[in-house]
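These notes concern the structure reproduced below.
The values are calculated or read from the model by the stated rules, or taken from the named source; none is laboratory data. As the structure is a prediction and not an experimental result, all values here were calculated from the model. A quick note on method: Cβ atoms are made from the backbone with ideal geometry, for glycine too, and the neighbour counts reach across all protein chains shown. Calculation scope for accessible area: heavy atoms of the full protein, side chains included, ligands and nucleic acids excluded. Shrake-Rupley method; radii C 1.70, N 1.55, O 1.52, S 1.80 Å.
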Amino acid sequence: MPKIVDHDARRAELAAAMWRVVYRDGVGAATVRSIAAEAGWSPSALRHYFATQTELLVFAMEHVMAEAAGRFTAEARTGPPREFVQRMLEELLPLDRQRVREAEVWLLLAARAQVDPAARERMTEADEGVRRAAELAVTVLTGEQPADDAATARLHALLDGLTLHALLHPDRMPPHLIRDLLAAHLDELARAGAPS
C-alpha cells in the first residue's frame with residue numbers, strides 16, 4: 001500500500017525550517033540546500049516542493065503576509081484611535097528581529113518581481129495589503145473615507161520608505177526614529193482631520 005503523504009504538513013515543516021534559517025542566518029542564507037539540511041531532508045526532496053529560489057521566496061512571502069495578518073487580528077482596536085493606528089502600522093515596519101527578517105524577504109522578492117511573474121503577483125498582493133492598512137489608518141484618523149488617494153499614497157510611501165531605509169541603513173534609521181517619524185506623520189493626519 002503506498003504511503004500517504006500529508007503535503008500541507010510537509011510544507012508547514014519546511015516553513016518552520018526555512019524561518020529558523022532566516023531568523024538565525026538571514027534571508028540570503030535561505031537556499032534550497034540550507035533549508036533541506038535544517039529540515040533533515042535531501043535537497044532533491046525539497047525541490048519537489050520548491051523547484052526554484054523564487055518559489056521559495058514566494059512561499060516565504062505568503063508566510064510573512066499570514067504573520068502580519070495574524071498580528072493585526074490579535075491587535076484589538078482598543079484605546080484611542082491614534083494609538084491603535086500607530087500600533088497597527090508598526091506591525092508593518094522592521095522594528096524587531098522578526099520584522100527585519102520579514103522585510104528582507106519583501107525586499108528580495110521585490111527585486112525578483114521585475115523579471116518573475118510569480119514574484120510580481122505575490123508582491124502585488126503584499127503591496128495591496130499595505131495600501132489597505134494605510135487607507136484604514138487615514139480613515140480612522142480623519143473620520144472619513146479619503147476623497148482621493150493622496151493621503152493614503154503618502155502614508156503608503158512613507159511605510160515603504162521607512163522599511164527600505166531601515167534595511168539599508170539600520171545605523172541611521174533605528175527603531176526609535178522609525179516610530180518617531182511615523183508618529184509625526186500620523187499626528188499631522190489626525191490634525192488635518194480634526195474638526196475646526
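If Arg112 passes every condition in (1) farther than 17 Å from Glu188 by Cβ; (2) open to solvent by less than 60 Å² (accessible area, probe 1.4 Å) but one, which one does it miss?
(2)
Please tell me if Arg191 is out of contact with any helix residue (DSSP H, G or I) (no Cβ under 8 Å at 6 or more places or on another chain), over 26 Å from Asp25 (Cβ atoms), modelled with pLDDT under 90 and open to solvent by 50 Å² or more (accessible area, probe 1.4 Å).
It is true that Arg191 is out of contact with any helix residue (DSSP H, G or I) (no Cβ under 8 Å at 6 or more places or on another chain), over 26 Å from Asp25 (Cβ atoms), modelled with pLDDT under 90 and open to solvent by 50 Å² or more (accessible area, probe 1.4 Å).
Return the total of residues in segment 115-137 being in contact (Cβ under 8 Å) with a residue 60 or more places away in the chain, in contact with a Ser or Thr (Cβ under 7 Å, 6 or more places away or on another chain) and either open to solvent by 80 Å² or more (accessible area, probe 1.4 Å) or small (Gly, Ala, Ser) (or both).
2
Among the residues of segment 129-138, is there at least one that is acidic (Asp, Glu) and not in a helix (DSSP H, G or I)?
no
May I ask you to say which residue of Val140, Val100, Val105 is among the aliphatic types (A, V, I, L, M), more than 24 Å from Met61 (Cβ to Cβ) and in contact (Cβ under 8 Å) with a residue 40 or more places away in the chain?
Val140 is the lone residue from the list that is among the aliphatic types (A, V, I, L, M), more than 24 Å from Met61 (Cβ to Cβ) and in contact (Cβ under 8 Å) with a residue 40 or more places away in the chain.
Here are some residues: Arg71, Arg82. Which one is surrounded by fewer than 20 Cβ atoms within 10 Å (Cβ to Cβ) and modelled with pLDDT of 80 or more?
Arg82
How about segment 41-54: which of its residues are modelled with pLDDT of 80 or more and open to solvent by 20 Å² or more (accessible area, probe 1.4 Å)?
Correct list: Trp41, Ser42, Pro43, Ser44, Ala45, Arg47, His48, Tyr49.
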